[in-house]
Each structure stands twice: as structure tokens, then as C-alpha cells.
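What follows is a short report on a single structure.
Readers should treat all values here as calculations from the given coordinates under stated rules, not as data from a laboratory. Nothing here was measured: the structure is a model prediction, and the numbers come from that model. Note that we place each Cβ from the backbone using ideal geometry, even for glycine, and neighbour counts take in every protein chain shown.
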Amino acid sequence: MKLKTMTTTVILTTLLLPTASIRAQQPDAKEIGPMLGKGFAELSGWIMKAAEIVPADKYSYKPAPTVRTFGELLGHIADGSNYFCGRAAGRKVQWSDANAQGNTEKATVIPKLKEALDACSAAHEAGQLGALIANYGHANLHYGNMATYMRMLGLVPPSSS
């Protein structure tokens with residue numbers, strides 16, 4: 001019986017000890033918001049720089065008939081940021097495609113995108129974490145689309161320069 005107890009103890013210790021160190025490395029819940037905010041600041045900077053780099057006459061570019069134009073993509077990022085960060089800030093916001101389906105010319109969409117991303121940056125101060133994480137994922141996904149569009153246009157995405 002003693003051998004069985006000792007064997008069980010050794011097995012459990014071997015299995016559980018690594019998880020203790022993993023748990024010890026997890027950030028405190030209060031640190032997650034600022035860490036996410038820092039990552040979002042970098043991502044939103046890349047999005048804005050990419051929006052500025054792409055020439056106005058390329059905002060109507062789309063690599064295939066079934067996808068958004070570059071301008072629509074920026075409008076969609078703005079729409080997503082308005083939704084997720086509005087929710088994070090405690091507002092009862094409904095999804096709207098107003099920016100993606102509206103005027104997506106460079107001179108029109110960049111100020112709307114900037115306004116949406118700035119509101120998200122403010123929401124990182126004390127916003128609801130789940131919605132902020134969803135927005136980060138959404139914006140990051142579409143920054144990947146932007147980088148692909150830029151490469152197809154012969155441009156270098158800001159994250160690569």
C-alpha cells in the first residue's frame with residue numbers, strides 16, 4: 001500500500017509540477033489590459049501607416065471579384081472597431097457596415113478609421129477585456145489582408161519595414 005501511495009504521489013507530482021510553473025508565469029489579470037493595449041497600439045499604428053502608404057487611386061483595388069476593395073477593407077476595420085470597442089466601453093452598439101459600404105475613398109475613410117482606432121485606444125484604459133480581445137483579433141486578421149493587398153500592389157507593409 002505504501003508503494004502504491006508513493007508511486008501515485010510521484011506520478012501526480014511529475015504531472016502537476018510543470019503546470020505550477022506555467023501558472024506562475026501567467027500575467028496578473030490587471031496586467032492583461034495594458035499588455036493588450038500596447039499590442040493594439042502597435043497594430044493600429046501599422047493599419048494607419050498602411051492606409052497612408054497606399055495611393056488614393058489604389059483604394060478601389062481588390063485582388064479578386066469576391067473580396068473587398070482596399071478602401072472597403074479599411075472601412076470594415078473601422079466598423080469592427082466601432083462595434084467591439086463601443087461594446088468594451090459599455091455602450092449597446094449594434095454592428096454597422098456604414099464605413100465599409102459608404103464612401104471608401106482615401107480622403108473619406110482615413111479620418112473615420114483614425115477616429116475608430118483612437119476610440120479603441122481609449123477603451124483599453126478600462127474597457128471590457130473580452131470585446132477588446134475580439135477587436136484585436138478582428139483588426140489583426142484584416143491587417144493581414146491589408147499586407148497581402150500591399151504586396152500585390154508592390155508595396156511594403158509597415159510591419160515589414
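Here are some notes:
- Within the stretch 95-158, chymotrypsin sites (Phe, Trp or Tyr not before Pro) in DSSP loop having at most 14 other beta-carbon neighbours inside 10 Å: W95
- Taking Cβ atoms as reference points and 13 Å as the exclusive limit, the residues near A41 contribute a net charge of -1, counting Lys and Arg as +1 and Asp and Glu as -1.
- The count of lysine pairs in the stretch 29-160 whose Cα atoms are under 23 Å apart, excluding pairs fewer than 8 places apart on the same chain, comes to 18.
- Backbone amide hydrogens, once placed in the peptide plane, bring Y61 within less than 5 Å of F70, G71, excluding anything fewer than 5 places away on its chain.
- Loop-located GluC sites (Glu not before Pro) in the stretch 62-161 whose Cβ has at most 15 other Cβ within 10 Å (DSSP): E105, E125
- Local electrostatic count at A122 - Lys and Arg +1, Asp and Glu -1, tallied over other residues with Cβ under 15 Å: +1
- In this calculation the C-beta distance from M152 to S121 is compared with R0 = 41 Å, giving a FRET efficiency of 0.90.
- Annotation: the residues F84, F40, sorted from fewest to most other C-beta atoms within 10 Å of their own C-beta, follow the order F40, F84.
- Relative contact order, whole percent, for the stretch 15-161 stands at 30, derived from Cα pairs under 8 Å and 6 or more residues apart.
- Taking 0.36 nm per residue of separation and subtracting the Cα-Cα distance, full extension of the segment from N140 to A64 would add 25.3 nm.
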